[in-house]
1. Check 85, 75 and return the single one that is more than 17 Å from residue 46 (Cα to Cα) and modelled with pLDDT of 85 or more.
2. Select from the range 115-150 the residues that are modelled with pLDDT of 95 or more and crowded, with 18+ Cβ neighbours inside 10 Å and write down the one among them that is nearest to residue 87 (Cα to Cα).
3. Name the one entry in 11, 22 that is at pLDDT below 90 and either surrounded by 14 or more Cβ atoms within 10 Å (Cβ to Cβ) or in contact with a strand residue (DSSP E or B) (Cβ under 9 Å, 6 or more places away or on another chain) (or both).
């Protein structure tokens, strides 16, 4: 069944579609992704294990909370598709490399290759008989993923309202 439609003001429709495209463009997608990542980032920092003594690492002072204070959000260029979706990673800086040992357990933190990846992923979650894991990233993600989605939706809705009123 076909229907005929008649458009009286084509310029107005074209203008509306352009503003809609601007509202949900790459900039908005990235803003929303960062807003969601911040929610999870804050929870990860809250859950990060904090030692109880000062020390030295590579000749630099190492204070309790170093890992927590060196968590960061980074744009993942390889996993992102410009104009479609933006991917961000929450990780630790290279100075806090030992975060991987906490997540995996020190003996389990083998060099990741295609062959060892499945084992490493399993041991991130469950540890092993040799070294217990101390996961804090995955539990933080599980706890805050719904809140992050809500924040991301709010950013997009706000942008749509701005464009609609403008």
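The values are calculated or read from the model by the stated rules, or taken from the named source; none is laboratory data. Model, not experiment: these values are computed from the prediction. Cβ sites come from the backbone with ideal geometry, for glycine too, and all protein chains shown count toward neighbours.
1. Result of the check over 85, 75: 75.
2. 148
3. On the way: 11 fails: either surrounded by 14 or more Cβ atoms within 10 Å (Cβ to Cβ) or in contact with a strand residue (DSSP E or B) (Cβ under 9 Å, 6 or more places away or on another chain) (or both).
Unique residue meeting the criteria: 22.
The rows are residues; the columns are (1) within 16 Å of the chain's Cα centre (by Cα); (2) touching a residue at least 40 places away in the same chain (Cβ under 8 Å); (3) surrounded by 12 or more Cβ atoms within 10 Å (Cβ to Cβ).
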| position | (1), (2), (3) |
| --- | --- |
| 30 | yes, yes, yes |
| 61 | no, no, no |
| 64 | no, no, yes |
| 69 | no, no, yes |
| 77 | yes, no, no |
| 81 | yes, no, no |
| 87 | yes, yes, yes |
| 91 | yes, no, yes |
